[in-house]
Amino acid sequence: MGSYISRRIALSIPLLAVISFLTFLLVNLSPLDPAEVVLQAQGVPMITDELLTQTKQELGLDRPFLIRYWHWALSCLQLDFGHSYVTGQPVWSQLGPAFLHTFKLTIVSAACMIFFSIVLGVICAWREGKLLDRSVRGISFFLTAIPSYWLGAMLVWLVAVKLDWLPTSGMESYRSYILPVMVLTISYASIYFRFVRSAMISNLNADYVLYARACGLPEKKVTVHLLRNSLQVAISVFCMAIPVLLGSTVVVENIFAWPGLGSLTVNAILSRDFPMIQAYVLVLAAAFVVFNALADVLQAAMNPKLRKDL
Amino acid sequence: MHLLEVQHLHVTDRHTGSVLLRDSSFHVKQGSCLAIVGESGSGKSVTCKSIMRLHKAWIRQTGEIWFKGEELSALPERQMRKKRGKQLAMILQHGMRAFDPTCVIGVQIGETLKEHYGWSRAEIEANMSLAMMSVRLNNPVELMNKYPHQLSGGMLQRVMIALAFVLEPDLIIADEPTTALDTIAQFEVVEQLIALRERMNGAMILVSHDLGIVRRLADDIIVMKDGEIVERGSANVIFSAAQHAYTQRLVEANRALNGHFERLKGGGLGLVEH
Ligand SMILES: Nc1ncnc2c1ncn2[C@@H]1O[C@H](COP(=O)(O)OP(=O)(O)OP(=O)(O)O)[C@@H](O)[C@H]1O
Ligand SMILES: [Mg+2]
């Protein structure tokens with residue numbers, strides 16, 4: 001198992017290198033001149049060619065592309081993503097706290113989402129084709145179709161404004177988590193419980209379940225085997241749900257004024273703050289790579305057959 | 001009173017309304033072996049599952065199943081569960097798929113023995129080791145710490161037989177125990193099934209496509225087609241003087257196939273003619 005983990009991590013490193021290169025390349029392919037963006041952000045009234053050349057030099061933009069990439073990649077390893085074009089402050093001083101806020105929201109939401117997905121998936125699988133199963137799937141279908149901004153707005157209106165139970169925005173206490181977590185859980189659990197359900201159903205028809213029952217094992221024990229096997233399939237899906245959530249909290253963060261990555265990035269994109277955008281893409285891509293590796297390791301831990309491969 | 005007496009067993013699929021088993025009645029005598037033969041989809045496995053009461057929720061079964069003087073279909077699920085494994089043991093076709101692929105096989109075995117005997121780990125290991133040795137599985141402790149994919153189908157089949165050895169059931173239901181195996185593994189499994197029967201003096205229901213194995217093991221035979229029993233009788237009679245056209249064809253086809261094999265192997269392994 002230990003060697004499997006180290007091999008899996010070793011595999012992630014070249015992947016991260018490629019991703020960082022592509023990120024840098026894509027942002028540099030933008031037709032906008034970064035020097036111009038910086039000067040505009042500083043509110044310089046007259047942008048002359050001379051001023052542009054000088055700014056380029058200051059930013060190191062006159063050096064060859066590969067050298068710039070190399071320096072950028074090296075400093076990224078130390079969490080130094082350069083300075084924001086807009087505020088002039090280090091990117092990480094803004095991105096770091098924002099990432100942390102979004103990460104907290106994501107982890108709490110993912111935990112809730114996974115919990116409800118498993119519970120609903122298991123219940124529906126046991127009651128396959130029955131009224132309960134059909135109603136849960138019907139309602140979830142409806143919930144998936146609702147855009148999360150509408151759901152968020154309705155919840156704010158009902159719970160925070162009408163009933164005045166919970167804060168509408170910010171993140172002062174644990175109570176601030178409830179509404180955004182609810183929105184994210186509803187949107188995602190209604191999609192992800194299907195994975196658990198279908199995995200459970202295909203396992204329910206497996207021979208080992210028949211044999212376990214034929215041996216007289218109580219349903220409780222049979223269920224444990226069923227869950228082990230079904231969650232093995234679901235676990236990689238769940239692991240990958242975390243970076244997906246990280247990258248898709250924009251709407252919820254806007255509704256609930258959550259000072260996270262989403263709000264930060266939208267502003268960065270609008271003001272063409274290249275270093276910030278680069279750093280965001282890189283951090284998110286790294287999250288995908290890390291959780292992908294985690295998914296594989298967890299799956300291997302649960303599936304002895306997989307440990308051999310790779 | 002026979003050990004098992006099935007009367008008017010009728011099984012339907014509630015979803016589609018189709019009849020899987022039509023008014024099936026048969027019995028298994030104490031200490032004897034009943035073979036169920038028939039083409040694919042004729043309802044052999046459905047019959048086995050009905051006796052164990054292991055159908056899916058949407059499969060409906062009616063009729064009476066008398067086992068040692070008790071009506072199984074009238075038993076509460078709790079008591080039926082106690083009979084499964086302990087009194088009615090099942091051996092499945094695909095050894096590979098019969099054990100949870102995420103656990104070593106010892107886990108499922110241990111759970112079963114704990115359930116029926118309440119044994120400790122050491123007792124389980126000791127008893128199971130003896131049984132596994134007797135079905136010629138050497139290094140039993142090592143084997144029990146292996147995952148199903150690390151063992152062969154024939155070995156897993158013999159693990160199931162060994163478990164049956166320990167549980168000492170009154171009736172063994174073997175649903176195509178040799179179909180998925182190569183000839184040598186088939187031979188070993190059949191030997192162990194015979195040994196199991198001799199030692200337990202128990203009865204057996206054997207489902208098989210292989211009339212050679214049926215001829216070796218069975219005392220009585222029922223022939224099924226499309227969910228119905230089309231012919232029944234003692235093994236000798238069926239093999240020598242089948243009445244039903246379908247059975248005649250089955251015996252004939254089997255004879256032709258065996259002849260073909262014999263010629264190929266030059267009279268080789270002789271599984272059929274013992
Ligand atoms: N769970 C189920 N739901 C619906 N129909 C089923 C189910 N199990 C079996 N059947 C149907 O019952 C019929 C008999 O199936 P069964 O498995 O008993 O055949 P079999 O004689 O064991 O065949 P084989 O030799 O291929 O194992 C088939 O037509 C099958 O489609
Ligand atoms: Mg079958």
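The values are calculated or read from the model by the stated rules, or taken from the named source; none is laboratory data. Computed from a prediction, not measured in an experiment: that's the story for all the values here. Here the Cβ is made from the backbone with ideal geometry for all residues, glycine too, and neighbour counts use every protein chain on show.
Of all the residues in the stretch A:119-161, those that are part of a helix (DSSP H, G or I) and surrounded by 13 or more Cβ atoms within 10 Å (Cβ to Cβ) number 25. Can you find, within the stretch B:84-114, the residue that is nearest to the chain's Cα centre (by Cα) among those that are facing chain A (nearest Cβ under 7 Å) and not in a loop (DSSP other than H, G, I, E, B)? Taking the candidates together, the pick is B:MET90.
On the stretch given as the stretch B:1-58, residues that are over 26 Å from B:LYS82 (Cα atoms), within 16 Å of ligand 2 (Cβ to nearest atom) and within 14 Å of chain A (Cβ to nearest Cβ) total 1. Here A:ASP164 meets each of (1) surrounded by fewer than 19 Cβ atoms within 10 Å (Cβ to Cβ); (2) under 30 Å from B:GLU176 (Cα atoms); (3) out of contact with any Ser or Thr (no Cβ under 9 Å at 6 or more places or on another chain) with one exception, condition (2). Which one is nearest to the other protein chains (Cβ to nearest Cβ) among residues in the stretch B:59-83 that are in a loop (DSSP other than H, G, I, E, B) and touching a residue at least 24 places away in the same chain (Cβ under 8 Å)? It comes out as B:LYS68. Remark: B:ILE213 falls outside the filter, which requires a residue to be more than 16 Å from ligand 1 (Cβ to nearest atom), in a helix (DSSP H, G or I), away from every other protein chain (no Cβ under 14 Å) and hydrophobic (A, V, I, L, M, F, W, C). Confirm whether A:TYR192 is among the hydroxyl-bearing types (Ser, Thr, Tyr) and without any contact (Cβ under 8 Å) to a residue 24 or more places away in the chain. Answer is no for this residue.
A:LYS305 fulfils the conditions (1) surrounded by fewer than 18 Cβ atoms within 10 Å (Cβ to Cβ); (2) part of a helix (DSSP H, G or I); (3) more than 14 Å from every other protein chain (Cβ to nearest Cβ) except for a single criterion, (3). Across the stretch B:30-56, the number of residues qualifying as more than 9 Å from ligand 1 (Cβ to nearest atom), in contact (Cβ under 8 Å) with a residue 60 or more places away in the chain and not aliphatic (A, V, I, L, M) comes to 4.
If the condition is being within 16 Å of ligand 1 (Cβ to nearest atom) and under 20 Å from B:TYR117 (Cβ atoms), then the stretch B:82-97 contributes B:MET90, B:ILE91.
Given the condition within 16 Å of ligand 2 (Cβ to nearest atom), on the phi > 0 side of the Ramachandran plot and either touching a residue at least 60 places away in the same chain (Cβ under 8 Å) or within 14 Å of chain A (Cβ to nearest Cβ) (or both), answer yes or no: does some residue in the stretch B:142-158 qualify? Taking every residue of the stretch B:142-158 in turn, none turns out to be within 16 Å of ligand 2 (Cβ to nearest atom), on the phi > 0 side of the Ramachandran plot and either touching a residue at least 60 places away in the same chain (Cβ under 8 Å) or within 14 Å of chain A (Cβ to nearest Cβ) (or both).
The criterion of being under 16 Å from A:ALA125 (Cβ atoms), surrounded by 22 or more Cβ atoms within 10 Å (Cβ to Cβ) and β-branched (Val, Ile, Thr) does not hold for A:VAL233.
Could you identify the single residue in B:ASP100, B:ASP13 that is surrounded by fewer than 19 Cβ atoms within 10 Å (Cβ to Cβ) and either away from ligand 1 (no atom under 11 Å from the Cβ) or modelled with pLDDT of 90 or more (or both)? When all the criteria are applied, what remains is B:ASP13.
Here B:ALA242 meets the list (1) in contact with a strand residue (DSSP E or B) (Cβ under 8 Å, 6 or more places away or on another chain); (2) outside any loop (DSSP other than H, G, I, E, B); (3) hydrophobic (A, V, I, L, M, F, W, C) almost entirely, failing just condition (2). Can you tell me which of (1) more than 10 Å from ligand 1 (Cβ to nearest atom); (2) over 20 Å from the mean Cα position of the chain (by Cα) is the one B:ILE65 doesn't meet? Of (1) more than 10 Å from ligand 1 (Cβ to nearest atom); (2) over 20 Å from the mean Cα position of the chain (by Cα), only one is false for B:ILE65: (2).
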